[in-house]
Amino acid sequence: MFKHPLANLWFFLGFSFSLLTSNTIEKWIMNCLLFIIIAWMNKEHIRQVIFRLKPFIFYFPIMLILYSLFSLLLTDNATNIILNEAMVGFFKLILMVGAMMFFFESTPSQDIVILSRSLWAKLDKPWKGMEDFFLFLGMTLRFYPTFQSNWQSVRSCRKALGLESDYTYWKRINTAAKEMPGLLIHQLRRADDVAMAMKLRGYGKQYPRGVTYPILFKGPHLFQIFAITLFFWGIHTFAAI
């Protein structure tokens with residue numbers, strides 16, 4: 001939607017808040033149309049988003065049963081009201097999660113960390129804890145995709161060799177519990193090597209650290225955030241008339 005990661009994040013958070021606070025048909029229609037526009041503008045990511053939404057759809061019957069059961073036990077609402085609230089809540093969840101999935105697919109997570117570090121560097125605050133927090137985020141975003149890729153490669157190899165063809169669900173869980181610690185230890189060793197290299201290059205001697213390729217935040221970006229806020233405020237004001 002927006003090239004600047006902060007403006008893009010503000011837009012998708014605004015959409016999520018607007019969706020959660022929608023309680024009329026008019027607001028629902030506007031937010032659904034906006035979601036369709038978001039999906040159309042990010043159509044190259046639709047397949048990945050649908051794949052990520054499958055677990056929510058798969059577990060919806062379980063969530064519906066639990067919600068209905070506790071609502072019947074703890075409230076005096078009729079069954080049709082409970083089911084209607086459950087369906088509306090599920091639909092809101094799907095749209096909100098789907099929108100945020102489009103954000104994560106279209107905006108690299110590393111850009112958010114770089115932007116946060118760029119803004120923090122301008123404040124010039126010598127806080128070691130904040131720098132360690134940025135380092136933790138950066139290391140997590142760096143090594144988690146590698147861990148996920150390695151795990152998927154292991155699973156693909158086992159399936160190709162036919163080693164899991166007759167495994168039950170619990171047998172697959174048991175196998176994963178045995179193989180996953182080795183992959184985690186490998187990633188921890190890699191992280192330890194990177195940490196040692198950072199110390200040798202001077203990490204911890206100067207706060208705040210500089211940013212090699214900072215993401216700047218200027219007046220036009222602030223105007224975009226203001227325009228986004230005004231846009232969602234206008235949706236709720238117009239729908240209330």
Q. Which residues does a label at residue 132 reach in the range 179-214, if reach means a backbone N under 13 Å from a point 7 Å past the Cα toward the Cβ?
A. 204
(Q) Considering all projection directions equally, how large on average is the shadow of the alpha-carbon convex hull of the chain, in square nanometres? (A) 19.1 nm²
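Given a Förster distance of 35 angstrom, what is the FRET efficiency for residue 193 paired with residue 152, based on the Cβ-Cβ distance and rounded to 0.05? Mind dumping the intermediate values first?
Values: r = 23 Å, r/R0 = 0.66.
It comes to 0.90.
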**Q.** Rounded Å value of the spacing that divides the Cα centres of the range 1-30 and the range 61-79
**A.** 29 Å
Q. Taking R0 as 30 Å, what's the FRET efficiency between residue 23 and residue 223 from their Cβ-Cβ distance, rounded to 0.05?
A. 0.50
Q) So which of 3/27; 3/218; 128/199; 122/218; 54/178 end up more than 19 Å apart by C-alpha? A) 3/27; 54/178
Q: Assuming 0.692 mPa s and 37 °C, estimate D for the range 1-80 with Stokes-Einstein, Rh taken as the Kirkwood radius over Cα pairs, in µm²/s.
A: 212 µm²/s
Q: Grab the other residues whose beta carbon is less than 14 angstrom from that of residue 192, score K and R as +1, D and E as -1, and report the net.
A: +3
Q. How would you classify the range 46-128 from its alpha-carbon gyration tensor, with a ≥ b ≥ c the square roots of the eigenvalues: rounded for a/c under 1.5, else prolate if a/b is greater than b/c, otherwise oblate?
A. prolate
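Calculate for the chain the 222 nm mean residue ellipticity that helices alone would give, adding -39,500 (n - 2.57) per DSSP H run of length 4 or more and normalising by residue count, nearest 500 deg cm²/dmol. Could you put the intermediate results ahead of the total?
On the way: 9 runs with 191 residues, N = 241.
Value at 222 nm, helices only: -27500 deg cm²/dmol.
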Q. What lysines could a cross-link reach from residue 159, if we take a straight Cα to Cα line under 16 Å and drop same-chain neighbours fewer than 8 places away?
A. 171
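Values in this text are rule-based calculations from the coordinates and carry no lab data. Every value quoted in this text rests on a predicted model; they were computed, and no experiment measured them. Virtual Cβ from ideal backbone geometry, glycine too; neighbours counted across all protein chains shown.
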